[in-house]
1. How would you rank 101, 42, going from fewest to most other Cβ atoms within 10 Å of each one's own Cβ?
2. For segment 23-106, rounded, prolate or oblate, judged on the Cα gyration tensor with a ≥ b ≥ c (square roots of eigenvalues), a/c < 1.5 rounded, else prolate if a/b > b/c?
3. Arrange the following residues from fewest to most other Cβ atoms within 10 Å of their Cβ: 62, 86.
4. With a 10 Å Cβ neighbour count serving as the proxy for reagent exposure, in which order, fewest first, do 87, 23 appear?
Amino acid sequence: MEQLKNIMLDMQAGGGKLPRNLKNPAERLLFQQLTAEGWEVTKRGWPDFACFKGNNLALIEVKPNSRCHLKRTQQRLMVALANLGVKCFLWSPDGGFEPITPASAHLAPRQKLTGATRGRGGDR
C-alpha cells in the first residue's frame, strides 16, 4: 500500500496542495475537507480522488450534486474494485459519501445509489 501511495503522490507534485486542475467546485470543496482531516489526496484523472491516510486507501468519484450519478463504466469499475476490498465512494456536496459495494453491482447505475432514474443532461 505504501508503494502505491508513493507512486500516486509522486505523480502529483506537491501532494496535499490544491491542484491547479480543480476547476469543479465540488471537487475543490471535498479536496479541502479531506486534506483538513489528514488525508493525502491525489487528483490524476479517474477516479476523481485517490485518498491515503496511513494504510487506508479510498477512491472517490465526485459529482456536483446528488442528482448526478456514476456513469455505467464508473459503476462497473468501482464495483469491481470494491469486490477486491478497495473502499469506493460517490460523493456530492449535498449528498455526502455513498459507499459503492459489491452488492451494488446488480442494480442499474442511476438507481442503485439514490433511487433516481436517468434524467436529461447526462451524468455531469
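We did not get these values from a lab; they are worked out from the coordinates using the rules stated. Predicted model only: the values in this text are computed from it and were never measured. Don't worry about glycine lacking a Cβ; one is built from the backbone with ideal geometry, like all the others, and counts go over all protein chains shown.
1. Values: 101 14, 42 22.
Least crowded to most crowded, the residues run 101, 42.
2. Details: a/c = 1.86, a/b = 1.20, b/c = 1.55.
Since a/c reaches 1.5 but b/c is at least a/b, the shape of segment 23-106 is classed as oblate.
3. Working: 62 24, 86 14.
Ranked by crowding around the Cβ, least crowded first: 86, 62.
4. Numbers: 87 16, 23 8.
Fewest to most other Cβ atoms nearby, the residues stand as 23, 87.
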